[in-house]
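Novice: Here it is: the structure, laid out below.
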Amino acid sequence: MKYFPFFMELSKQSILLIGGGEVAERKLDLLLKANASVTIVSPEFTSYIEELFVNKNINPVKDYYNIKYLTSASFAFVIAATNDESLNEQIAKDANDNKILVNVVDKPKICDFIFPSILERGPITVAVSTGGASPVLARMLRTKLETMIPGAYGRLAKIVSENRIPVRKKLVNSKSNGIFWEQMLNGKFLELVLSGQDEEAIKFLNIEIDNFDEQKKGEGEVYLVGAGPGDPDLLTFRALRLMQQADVALYDRLVHPSIIDLIRRDAEKIYVGKQRDNHTVRQEEINELLVKYAKEGKRVLRLKGGDPFIFGRGGEEIDSLVDNNISFQVVPGITSASGCSAYSGIPLTHRDHAQSCIFVTGHLKKGKLDLNWEKLIQPNQTIVFYMGLVSIDIICSQLIKFGLDSKTPCALVEQGTTRNQKVYTSTIDEMNNLVEKEKPSAPTIFIIGHVVTLREKLNWYKTD
């Protein structure tokens with residue numbers, strides 16, 4: 001992060017603006033909107049700026065820039081907005097020498113701070129910045145946000161603000177306050193405001209305040225959430241919402257770091273990942289932690305790679321929650337087989353190649369892989385092995401031993417759906433040699449079947 005974002009109340013600040021042209025107009029509009037006191041210095045001003053001189057917060061100085069204007073008063077920051085590049089650079093140097101923050105329009109390299117693209121919805125302000133890399137891109141992102149955040153959110157913020165004190169007075173526990181508002185902003189109250197029914201929304205809100213059972217809502221809950229195969233864009237809306245509500249998060253090794261970043265910032269994050277022969281936290285301990293935190297009244301996020309019910313041991317975890325009468329929700333995720341095959345251009349089923357697909361774990365138990373190999377080898381069937389990298393030599397040799405054609409196409413997908421995705425294709429008799437040569441690392445998905453031949457034509461995801 002090159003620029004640290006923060007919001008400053010300018011009604012208490014004095015600002016120096018150097019320039020009187022069109023560029024200065026845009027900056028002056030923003031400053032006056034924030035009720036700043038602005039001293040503007042320029043030998044000439046546009047007619048638009050001159051019309052603004054009636055504003056008591058403007059102190060116009062019709063003169064050429066001189067360092068005396070920079071040091072004559074205590075300014076929070078200075079903006080260089082002239083059309084003279086060398087003058088702007090001189091202003092930046094003078095400001096740096098006098099330890100005053102400076103912004104030089106369209107020159108991020110010599111700026112102490114930059115102006116973001118701003119979206120306003122009443123008291124809600126959303127700022128978008130690309131760190132000066134592309135102001136046009138920042139404006140495009142703001143436009144997208146405008147369609148996602150309708151004007152009614154301004155009214156929503158106002159109603160919430162007016163009712164914060166009544167809610168705080170009713171609820172003893174500060175955590176209950178957050179739980180209450182999360183419920184209101186994810187349900188009927190929100191929908192009433194967004195549909196323009198403000199009076200009905202306020203009536204509904206008052207009833208909910210009176211009926212809110214703080215003791216019951218103070219009970220903990222567990223969110224068992226599938227994080228998908230790696231790409232954060234593949235998270236469900238529900239997953240993201242619960243990730244933002246959690247007080248504590250327990251996450252696996254297979255959850256991509258970019259997804260961890262989406263968890264509520266102030267949530268306690270606990271790594272409980274497991275690797276082969278190196279379990280940071282045993283499964284029994286994870287189950288106990290879920291119960292422990294929930295009994296403390298916390299909202300617990302259990303974030304698992306892929307889907308929690310497909311080789312994710314999610315059933316074991318919620319089994320212990322049921323035994324302890326703890327509320328929970330399960331949010332499916334895109335399982336690794338589906339996500340990785342799609343991003344590799346390998347459909348798991350295809351009318352001409354495979355009419356069925358089977359998911360199998362390649363996890364070794366006491367050095368062995370005890371599977372019904374004959375059942376796996378069926379005509380027109382795709383086989384997908386999870387956690388099969390370590391046992392890939394056993395998988396390949398056993399499939400051939402039980403009758404699979406040694407030239408059957410197969411693919412190994414490493415870190416699928418991420419920017420580091422790699423796909424290795426071979427035949428079943430050569431895959432182990434390829435792995436020894438390329439040395440891919442987990443997480444991987446091993447796909448076996450004639451659908452692999454379609455990758456050459458259907459491969460669409462490029463990582464370069």
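Novice: Could you tell me whether Asn103 is in the same structural domain as Leu16 (by TED's automatic domain parsing), out of contact with any Asp or Glu (no Cβ under 6 Å at 6 or more places or on another chain) and surrounded by 14 or more Cβ atoms within 10 Å (Cβ to Cβ)?
Specialist: Values: in the same structural domain as Leu16 (by TED's automatic domain parsing): yes; out of contact with any Asp or Glu (no Cβ under 6 Å at 6 or more places or on another chain): yes; surrounded by 14 or more Cβ atoms within 10 Å (Cβ to Cβ): yes.
The answer is yes for Asn103.
Novice: Count, please, the residues in the stretch 52-69 that happen to be under 44 Å from the mean Cα position of the chain (by Cα) and either among the polar types (S, T, N, Q) or exposed (fewer than 12 other Cβ atoms within 10 Å of the Cβ) (or both).
Specialist: 4
Novice: Regarding the stretch 228-236, can at least one residue be identified that is under 30 Å from Ile310 (Cβ atoms) and not assigned by TED's automatic domain parsing to the domain that holds Ala294? Show your work before the answer.
Specialist: Kept after step one, since they are under 30 Å from Ile310 (Cβ atoms), are these residues of the stretch 228-236: 228-236.
With the extra rule that they be not assigned by TED's automatic domain parsing to the domain that holds Ala294, the set shrinks to none.
Taking every residue of the stretch 228-236 in turn, none turns out to be under 30 Å from Ile310 (Cβ atoms) and not assigned by TED's automatic domain parsing to the domain that holds Ala294.
Novice: Sticking with this structure for a sec: For Gly297, indicate whether it is at pLDDT below 90, among the small types (Gly, Ala, Ser) and outside any helix (DSSP H, G or I).
Specialist: Values: at pLDDT below 90: yes; among the small types (Gly, Ala, Ser): yes; outside any helix (DSSP H, G or I): yes.
When the stated conditions are applied, Gly297 passes them.
Novice: Hey, can you tell me all the residues within the stretch 316-355 that are under 24 Å from Ser391 (Cβ atoms), out of contact with any helix residue (DSSP H, G or I) (no Cβ under 8 Å at 6 or more places or on another chain) and part of a loop (DSSP other than H, G, I, E, B)?
Specialist: Result: Thr335, single match.
Novice: Still on this model: Looking at this structure, is Thr143 crowded, with 17+ Cβ neighbours inside 10 Å, modelled with pLDDT under 90 and either in a helix (DSSP H, G or I) or not hydrophobic (A, V, I, L, M, F, W, C) (or both)? Let's see the steps before the verdict.
Specialist: Details: crowded, with 17+ Cβ neighbours inside 10 Å: no; modelled with pLDDT under 90: yes; either in a helix (DSSP H, G or I) or not hydrophobic (A, V, I, L, M, F, W, C) (or both): yes.
The answer is no for Thr143.
Novice: In addition: Determine whether the stretch 413-426 contains at least one residue that is touching a strand residue (DSSP E or B) at 6+ places or on another chain (Cβ under 6 Å), buried (at least 19 other Cβ atoms within 10 Å of the Cβ) and over 26 Å from Gly230 (Cα atoms).
Specialist: No; the residues of the stretch 413-426 include none that is touching a strand residue (DSSP E or B) at 6+ places or on another chain (Cβ under 6 Å), buried (at least 19 other Cβ atoms within 10 Å of the Cβ) and over 26 Å from Gly230 (Cα atoms).
Novice: Any residue in the stretch 437-451 that is touching a Pro at 6+ places or on another chain (Cβ under 9 Å), touching a residue at least 40 places away in the same chain (Cβ under 8 Å) and surrounded by fewer than 21 Cβ atoms within 10 Å (Cβ to Cβ)?
Specialist: The answer is yes, given that some residue of the stretch 437-451 is touching a Pro at 6+ places or on another chain (Cβ under 9 Å), touching a residue at least 40 places away in the same chain (Cβ under 8 Å) and surrounded by fewer than 21 Cβ atoms within 10 Å (Cβ to Cβ).
Novice: What is the number of the single condition among (1) within 28 Å of the chain's Cα centre (by Cα); (2) in a helix (DSSP H, G or I); (3) modelled with pLDDT under 90 that Glu219 does not meet?
Specialist: (2)
Novice: Being touching a Pro at 6+ places or on another chain (Cβ under 8 Å), at pLDDT 95 or above and at negative phi narrows it down to one of Thr349, Thr427, Thr408, so name that one. Working first, answer last.
Specialist: Numbers: Thr349 fails: touching a Pro at 6+ places or on another chain (Cβ under 8 Å); Thr408 fails: touching a Pro at 6+ places or on another chain (Cβ under 8 Å).
Result of the check over Thr349, Thr427, Thr408: Thr427.
Quick grid of which residues meet (1) more than 18 Å from Arg241 (Cβ to Cβ); (2) at pLDDT 90 or above; (3) buried (at least 16 other Cβ atoms within 10 Å of the Cβ):
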| position | (1), (2), (3) |
| --- | --- |
| Ile159 | yes, yes, yes |
| Glu162 | yes, yes, no |
| Leu171 | yes, no, yes |
| Glu182 | no, no, no |
| Gly187 | no, no, no |
| Ser195 | yes, no, no |
| Ala201 | yes, yes, yes |
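Novice: If you don't mind, another one. Where in the stretch 93-136 are the strands (runs of 3 or more DSSP E), entirely inside, with at least 1 residues that are under 23 Å from the mean Cα position of the chain (by Cα)? Quick ask: steps written out before the conclusion?
Specialist: Numbers: elements: 101-104, 117-121, 124-128.
The qualifying strands (runs of 3 or more DSSP E) are 117-121, 124-128.
Novice: Being in contact with a strand residue (DSSP E or B) (Cβ under 8 Å, 6 or more places away or on another chain) and of a type in the set (Lys, Arg) is the filter here, so list the residues in the stretch 1-57 that pass it.
Specialist: Matches in the stretch 1-57: Lys27 only.
The values are calculated or read from the model by the stated rules, or taken from the named source; none is laboratory data. Everything numeric here is computed off the predicted structure, so don't read it as measured data. Methodologically, a virtual Cβ is constructed for each residue, glycine included, from the backbone with ideal geometry; neighbour enumeration extends over all protein chains shown.
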